Structures are given as C-alpha cells and as structure tokens.
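Below: the structure, in structure tokens.
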Amino acid sequence: MVTGAGVVTALGVGWARNLEGFRDGRVGLRPVTWLDVTGRRVSRAAEVDLPDVMPVTRLEAKQLKRMDRGARMLLLAAEEAWRQSGWEAQAELPLVLGTTGAGMTLGEAYYRQALEAPHRFRGQSIRATHYQAQRQAMDLLDAFGFNGPVTIISNACASGSNAIGHAWSLLRAGRAERALAGGYDGLAQVTFSGFDVLQALSPTSCRPFDARRDGLALGEGAAILALETASGARRRGAEILGVVAGYGMATDIHHLTQPHPEGTAALAAMAAACQAAGLGPADIDYVNAHGTGTVLNDSAEASAINRWAGARAGSLPVSSTKSSVGHLLGAAGAVEAVVCLMALREGFLPPTTTTEVIDPICQFPVVTQARGAALRAVLSNSFGFGGSNASLIFRSGL
Amino acid sequence: MRRVLIQGIGAVSPAGWGIAALRGAGSGERPLASQELSRPGWDRALRVRRVPQPNPRPGCLGDARLRRAPSIAQFVVASAIEALGDDREEVIAGRLRLGVVICTMCGCVTYSRRFYDEVLHQPTLASPMLFPETVFNAPGSHLAALLRSTGPNYTLVGDQGSFGVGLATAADWLCQEQVDGCLVVGAEELDWTMADAMRLFSERVVLSEGAGALYLRLDRSGCGGTSLTAVTSPQLYRRGVSREECIGRMRAELPAMAKGELLCDGLREAPRVDGAELRVWRDWTGARWSPRRHLGEGFVASAAWQSVLAVDAVSLGLHEAATVSLVGCNEQATGVRIQRL
C-alpha cells in the first residue's frame, strides 16, 4: 500500500501543484538558468524552482547547507511523503533510492577546484563525501529518525522504478512492514552535456510518440513513496493512495544505449510485472510510457506495447508525461509512479500535450488531452542506458 | 532458510588477473609495490596500486562491447567470468537464469572525469562515445550482453559495506527462485581525482583498483559446500552513533567465532582510519588476513577481495569458517560469514 507520496518537478513542489499541472497538461520546459549551456545545441530543460526555505526536519543547519540541488529535491519529496504517511521516527525502515548522478554538481565543483586551485583544499572534503549517493541517503535517515537498511540502485533511467519495485519486493517477502522508496536527480553539466553531444535532446519540443519527434527534454526532480503492508496500513487506519501490485524487470542486451528495435526487454518487463500482479493487459486501464521522445525509444516501446497488449492495444490509453516535466533520469520512474497514483486517485488520464501527429507505429491511442477516466490498474514503464528495463503496476486503493 | 552455496570466485587486483594472483598477495606478508599517478598541478605524484596489464589477455576482453569500455567494465567482466566457470555456457545457452549484482562506490570515474574535462574545455566537442560509459550500470550491462543474460541486473552504489547488501540481495533472488544463479561483483577503477580526494582523509591510505566476484547458487542437491551462512543487517553510520558502535553491533550479529576460524578484516596501514575496526576485533587472536594492507584500498573492490579470499580459504580447507568484516568508509559496516557445510 502507498500511504505517502511526495513529488518535486518543474511543475512545482508537492502533490497538489503537480496534480494541477499534469491534469492541465502544463509544460514545465524553459530556458536553463541554473547551468551554463552556452554553445550547446539545446538550451531548454524542465528546471525546478526550489523554495527558499526547506522543511523543518531533524537535520542540522550545516547538513542542509551542504546539500546540493538534487539532495534538496529529495528531501522535499521525502518530507511530503513522510508527513502524508503519518509515520513517526522508527528504528528499522528500509530506504531504497534510485539515482544516476547523486550529488553530481558537487563532484563537478570538486574537479573544477582541483584543477583551478590544486593547492587549495577548502571545502573539498565536503564535496568529496557529499557528492556520493550514500550521503543523501544518510541525510534522509537523520532527517526523519530512522535506521535503514539503505539500498541505492543506479540502473540509469530505470533506477526510480527499480527502487520502488525493490522496496515492494522487500515488503512482499516479509523483510519489512514499511519502506521508503523513490528516486532523485538534479540537472548537472555532465548529464546535460552528455545528452546534448549524443544529439538526444530535442532542439524543438519533446513530443513522445509523435511521428516527427526529434529527441527528449531533460528535467530534474524527485519523488518518494511511503510503502507499507496492507495489514499494517489498515491496522492504523492509514489513508491509501494506491497499491503497488506488480514489478517486473529485464535487461536489454542489444546495445549500451539503443533499445532492441522490437522492445523485447520492455515486453518482458511488462509481462513480468503483470504476472507478479496477477493481471493481464485487459486489466490495465492506462500505460504511463517511458516515452522519451527519441526516435529509437518510442518506436521500440510502441512495438513492445503493441505486442504485449495484443487486441487490447486498440483501446488502451497510453501517454508520456515527459512532455510536461522532461526526462528526470534516476527520478523518472518514481515521479511517473506518483503520476500514476494521481491518475488512479483523481480519475483522469494524464496527457502528452505536445504530441500532434501520432506515429502510425502506435496501435494504441495516445492521450494528448487530459480527460476523466475511472482507472483500476495502471502500468508505468521505465527504461535506461545499459538496457535496464522496469515496469510497475499500480492499483486503486479504494 | 535455504542454503546458499558459493560456487565460484573471481578476481582482478593489483596482484594480477585471476584468483591465483590474489591468493598469493592478499594473504601475504608484504604490501605490493605502489606506482606513481600524476596529479595535474602538482609536482609530487600520488601513490597508488594499479592493476597490471593482463598477460595473457583474457579472451572475454576482446568482445566488441568492451572495445571502448573503461577499466572497471573489464575488471567486472573478467572477474565475473572467472567466478562463473563452466556455468557460463549454461547462461549463454539460456539454460540458466542468471542474476547480476554489481556493487561500486565510484563507478566509471575515469570516463566521467575525461568527459567533464572535455565539457569544460569545449562542450560541443565532448566525446559522445565517453558519456554512455559513465553511467554506473554500464559494466553490468556489458557483462549481461557478453553472457546474453536478460535477467535481473542491479548496480548498487555505496561504500565497502554495500558488498554485504549485494550478497543479501543475491541470496534473496535465489531463495525467491527469481534466478538460478547470481553473480555479485564489487569493482572500482582508479583515477587521480579519487586518490586526490582520499588524501584529504588519510595520507597513508594507498588507493587501488580491480574487482572481486562471488557466484552464488542454491544448494539443490543437499551435498553442501562452501556456503554463505550469514550476512548481517547493515549498521549505518548515522549522526550521533560512533563507528565503533556500528562495527560492534555488526560483530554482535555474527555467530561467535571459534578457534581455527579466519577473520578477514578491512584494516589498512592507517591507524587513524582503522581505529574503530581495530578496537572491535582486538580480542581476536586467531587467524587474521587484512588484504587491504597488501593490495591497497579499493573501496568496494577491496570488500570483494576480502570476501573472495575468505571463500578461497574455506574452500581450500585452510579454515572451517571465515568471518568477513566489511567496514565501509562513510556509510555502513556489514559482516559476512562463510562456512564449509
């Protein structure tokens, strides 16, 4: 059961603002201000406006001061999930996080100082430790007063989904009664420039499943879910935001960055998630696709959805919310999990608002305008470099 | 709890490529010779222990996927394939469902540094070949491709203690029958930025690189063998909890060690950073190996070497059981017990 959810994207901080943004199909892309993108092919991304004041937790002022952008987004999302869940400090609580860059901006700052002022060490030890993902995890433990264990999964852009799926597996195996799980990634030079030189960024607008799509848009953000067993949640009368019903993962061995053209691993991940949930394509009411807007990803994913859904494809609504918030890398799967929970709870289909001419490869309807829909079960896909493929299935908690 | 066997081990270390090289150096008396690593802006070089060029070069490194791959990917693949042994063919033929858990702290730091350096100097000309290899899971992806393994594949990030988390994850996958066998690999590669950062915390610690791999399977036949009998819960270095307390709790979770058993600890030649671990295990008077003393500090790779050497000692009958003390540098301590059953 999901009893708490927190989210930070370019659409805003918190469930309410993001719900409004996704329901309205708003697009959070704008010229990048936080990074110097001079000379890049692309200069837009879905940047987050961080609040001036961070929420009150058990963290000391110096711990907050040392956090980079991504870590702050993580803390904001975790605080919302924690508050919503009504949990209090406790001893054993597994924390499962997904990230690709952790505190990468601190690593970048370390390198710049090491080159520019090789004999100046001020601040370097803090940068060296705080760019590491385990530091952000330890800060969450200190912020809310719990004791792990901590698992940090870095499976590229599937990391956030893997983290939620892994936490769900821990609960299902009886390893824990509760777990906190999600993903985070802030914009950084390495990632922005990396996707730019790969010519993976769209110079126009990110249009997933559009026949004229020309690339993805980067974003940043975080999302965290508070998960607990059904018995635990019911015992304390917790509000149920939704249910994680299934998780599947598979590895695409076709190429380091390119998916198999027919999306074989995507198909395997979706099938495995369905099997774990005891559901079939006919039971799924909506798919939140990975849908990056790149030529290769969307055609492979469309092919996989077509094959997986079979006859159901013709009436299965699919959308990619990356058109609104960009590709959040290690946070993508977690943010999209929250979008799925919003859709289930509020009864609507989140749109891919930028898409105009739907690629004929899509045998399914691509949702381009938000509309009301009674949803019982939804599926979320996340795929990453290295062939990491993960699918999650959520059911309504009502 | 079903019995988890350690069916194979593999290693790449500053001592060389393969278990035989590690065996000789890891439990030896004298540290391996160190090399100089130049650091831009400094006259004085940093001291490190690098993995030597392989001779002969393992055949698996000739695969197209590894042609442009960084050292860490080569270390992962070579150690994993050594550990997998004959089961490699079973995996490739699709007759054995393999899980892969790669554990690392720094990942592909050389390409990350090179790529960022190019971005700083001329962003539009930064190499698109480097960037994809900078992701933490690239080595795990290459390994899966070589083995044609489409199963569960995680890359876990953390300090030395995370190797214990990786072993526990693999044991869970096996016990839940998600996989038939599972590789757990700890790996790191050297870069001057890492050695530069390490020096801020201890001038005495010599960094190193490489990988260690354990191949786990369930004991379906009941014949026994070298087994993973315990992995403690991770003891996290939370604010207000001393490192010594964490390591002490880790030790308390492990079964008491008997005379004749082996302790494979994480001590280096650096009393200040080793202090807590030294104090917790000071009453142990039995056999003790400290491979990081000889091989250097390879973060998660050295945690893997400790585990590989412990498994090797038990498998060779040198000790009935071994305890591995995986004391991390900034996150957690975990303990592992290996027994001949």
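List of remarks:
- Hey, B:THR124 within 13 Å of chain A (Cβ to nearest Cβ) and surrounded by fewer than 17 Cβ atoms within 10 Å (Cβ to Cβ) or not: yes
- Scanning the stretch B:15-48 for residues that are touching a His at 6+ places or on another chain (Cβ under 9 Å) and on the phi < 0 side of the Ramachandran plot turns up B:ALA15, B:ALA25, B:GLY26, B:SER27, B:GLY28, B:GLU29, B:ARG30, B:PRO31, B:LEU32, B:TRP42.
- Verdict on A:SER154 being at the interface with chain B (Cβ under 10 Å from one of its Cβ atoms) and under 18 Å from the mean Cα position of the chain (by Cα): yes
- Taking the stretch B:298-325 as the range and being within 20 Å of B:THR104 (Cα to Cα) and touching an Asp or Glu at 6+ places or on another chain (Cβ under 9 Å) as the test, the residues that pass are B:GLY298, B:PHE299, B:VAL300, B:ALA301, B:SER302, B:ALA303, B:GLN306, B:VAL324, B:SER325.
- The residues in the stretch A:113-131 that are at the interface with chain B (Cβ under 7 Å from one of its Cβ atoms) and under 24 Å from A:PHE192 (Cα atoms) can be counted, and the count is 5.
- When the stretch A:99-112 is filtered for residues that are of a type outside the set (A, V, I, L, M) and either farther than 26 Å from A:GLY165 by Cβ or at the interface with another protein chain (Cβ under 10 Å from one of its Cβ atoms) (or both), the ones remaining, listed by number, are A:THR99, A:THR100, A:GLY101, A:THR105, A:GLY107, A:GLU108, A:TYR110, A:TYR111, A:ARG112.
Residue-wise test of (1) of a type outside the set (Ser, Thr, Tyr); (2) surrounded by fewer than 24 Cβ atoms within 10 Å (Cβ to Cβ); (3) without any contact (Cβ under 8 Å) to a residue 12 or more places away in the chain.
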residue	(1), (2), (3)
A:ALA71	yes, no, no
A:ARG83	yes, yes, no
A:ALA91	yes, yes, no
A:LEU97	yes, no, no
A:SER125	no, yes, yes
A:ALA143	yes, yes, no
A:PHE146	yes, yes, no
A:THR151	no, no, no
A:SER154	no, no, no
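- Test: B:ARG238 is within 13 Å of chain A (Cβ to nearest Cβ), in a loop (DSSP other than H, G, I, E, B) and surrounded by fewer than 18 Cβ atoms within 10 Å (Cβ to Cβ): yes
- Any hit, the stretch B:208-222, residues being closer than 30 Å to A:ASP142 by Cα, out of contact with any Asp or Glu (no Cβ under 9 Å at 6 or more places or on another chain) and not in a helix (DSSP H, G or I): no
- For the stretch A:55-67, the condition of being touching a residue at least 12 places away in the same chain (Cβ under 8 Å), within 16 Å of A:ALA331 (Cα to Cα) and among the aliphatic types (A, V, I, L, M) holds for none of the residues.
Yes/no per residue for (1) outside any loop (DSSP other than H, G, I, E, B); (2) more than 13 Å from chain B (Cβ to nearest Cβ); (3) free of Cβ contacts under 8 Å to residues at least 24 places away in the same chain; (4) surrounded by 22 or more Cβ atoms within 10 Å (Cβ to Cβ):
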position: A:PHE192; (1), (2), (3), (4): yes, no, no, yes
position: A:PRO203; (1), (2), (3), (4): no, yes, no, no
position: A:ALA226; (1), (2), (3), (4): yes, yes, no, yes
position: A:GLY232; (1), (2), (3), (4): yes, yes, no, no
position: A:ALA265; (1), (2), (3), (4): yes, no, no, yes
position: A:ALA269; (1), (2), (3), (4): yes, no, no, yes
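Computed from the coordinates by the stated procedures, all read-outs in this text should not be read as laboratory data. Keep in mind it's a predicted model, so treat the numbers as computed, not measured. Here Cβ is always computed from backbone atoms with ideal geometry, including for glycine, and neighbour counts include all displayed protein chains.
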